[in-house]
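What follows is calculated from the coordinates using simple rules that are stated; it is not laboratory data. Computed from a predicted model, the values in this text were never measured in an experiment. Quick reminder, even Gly has a Cβ in these numbers, built from the backbone with ideal geometry, and neighbours come from all protein chains shown.
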Amino acid sequence: MDKEQARFILRSYRPDGSDGSDPGFAEALKLAHEDVELGRWLANERTFDAAFAAALAEVKLPVALCKNILTGLAIERGDIPQATDRLDAAMIGALAAIQPLPSLRSEILAAMKSTPRASRPQVFFWRHAAIPLAAVAGIALAFAITRGHETQPLAKDAPLPMDVVETGFIREFESPRFTLDEKREDHGVLITHLKEHRLPCPCCLPRGLVNVKGIGCRELVINGKSGSLICFAAQDGGVIHLIIFRREDVRGELPQRQSPAYSQCGNWTVARWGDDERVFFLLGKDTNMAKLAALF
Amino acid sequence: MSEFAELVDAHYQALFRFGLSLTRDTDQAADLVQETFCIWAAKGDQLRDRSKAKTWLFTTLHREFLGQRRRAERFPEQELDEKTAVAVSAPQDDADRQMDAQRALELLGLLDETYRAPVSLFYLQQHSYKEIAEILDIPIGTVMSRLSRGKELLRRQMTAAPSSVPKNILHLEPEALRHHHG
């Protein structure tokens, strides 16, 4: 071994001496012990390395980092004790804000008319046929209106386009049938509920959602794919909805959480991001992109 | 104290510093650390040799970083996000010492990424060159080569900007040594 080879090896020798027992350094160290110039070089190298390592060790850590990690782990493991809080004002407000479809009333009336009555007087054939035909036509029209943006039907096993997830949620949310399966403020309780039902869960929440109260959660089924929905009470009194689907169930590229992609869907603002296992959609109604972006 | 809390306490600081040297952004580094531990919570049980937990965590953080960077390249940051890299925070009375840490990070940040990860891991002193090879999934000889070259580049960067060299680092040139030793 010559001195240049020894230098090459000793550059990997940690300054705190923790590699002292590694036989890979033995010959190079022996040479440095015997050769004055090499020994001086090693001393200089270790002084520099020790000083640089000390400088790096002085990097301050974010104050709440450890606490946040432990909270995230507790959520991931479902260790957070179940809270006893009941439905709060935010939940009441959120549900009260739900608007039924404008066509709902007429659809109900049409359906009622089509329901046969026991003591109905005898009518002509065309009158028997007219009402069901009108109902069928009405349903077909409503279907065509609500599904108008979809030019092609989706195969049952095909991954969902992202806009289908968003519009699917909005349609479900604005439906009068919309309910939540679990209504709690505590994020841990909501995550546990989703996990117990084998639904996709967030590993980490966007920074701005960590300390806001939850409203509730539920399974969200869109075209046969099961995802999760978690609703949060935003600090401005609105509601923020987080949708999570498994990666394989949604198609399309997504950015990482630190720089989500934003879009508008009617009067809803959407932020999308994903990782290797899940895709996320954060939606707010009548909100703007800046407000949504402030959550990240 | 739970096993998780012990694991977090033992490694989160070094993981954060490694993440910070890779990303040069405190928020991204904190996210990386958090995600690393979340992945541990979900998949850590699969690790049979618990003594490998530290290497596993650093490997996972590095992979997460590479994955995030790949995604970031496909989706460049939008104008909407005005967040800029956050300087490492420091108490006022500790400004001088923190400047050293800041400068150390700056110098690491000037290195090409090929060298930045192994050199950062080396200076964190948590891992031997063999473990660094395992974390970065590269041969041992390549680690030694990158450490040798990376450290040389680091010194060149310091020479290029001597006025802002960390104050606790003495830059000893051969000429100065000869003079000092007569």
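Which FRET efficiency value, to the nearest 0.05, is calculated for B:ASP49 and A:ASN211 with the Förster distance at 30 angstrom and r the Cβ-Cβ distance?
After rounding to 0.05, the efficiency reads 0.20.
If amide hydrogens are placed 1.01 Å from N in the peptide plane, which non-local residues have theirs closer than 5 Å to the one on A:CYS265?
The answer is A:VAL270.
How much net charge surrounds B:LEU107 when only the other residues with a Cβ under 12 Å from the Cβ of B:LEU107 are counted, with Lys and Arg +1 and Asp and Glu -1?
So the surrounding residues net to +4.
For A:LEU220, which sequence-distant residues (separation of 5 or more, or a different chain) have an amide H within less than 5 Å of its own amide H, given hydrogens modelled in the peptide plane?
A:GLY227, A:SER228, A:LEU229
Put a dot 7 Å past each Cα toward the Cβ at B:ALA160 and A:SER175; how far apart are the dots in nm?
6.1 nm
Given H placed 1.01 Å from N in the peptide plane, which residues other than close sequence neighbours of A:ARG251 have an amide H under 5 Å from its amide H?
A:LEU160, A:MET162
If you take the alpha carbon radius of gyration of segment A:3-57 and divide it by 2.2 N^0.38 Å, what ratio comes out, to two decimals?
Cα Rg divided by the expected 2.2 N^0.38 Å: 1.09.
Run the numbers for A:ARG246 and A:ALA158: contour at 0.36 nm per residue of separation, minus the present Cα-Cα distance, in nm.
Fully extending the segment from A:ARG246 to A:ALA158 adds 30.4 nm.
Among A:LYS195/B:LYS54; B:LYS54/B:LYS151; A:LYS195/B:LYS130, which pairs are too far apart, with a Cα-Cα distance over 30 Å?
Listed pairs above 30 Å: A:LYS195/B:LYS130.
Would you kindly calculate the translational diffusion coefficient of segment B:1-76, applying Stokes-Einstein with the Kirkwood radius from alpha carbon pairs, for 4 °C and a viscosity of 1.567 mPa s, and quote it in µm² s⁻¹ without decimals?
101 µm²/s
Between A:LYS3 and A:GLU196, what FRET efficiency follows from the Cβ-Cβ distance if R0 is 60 Å, with the result rounded to 0.05?
0.40
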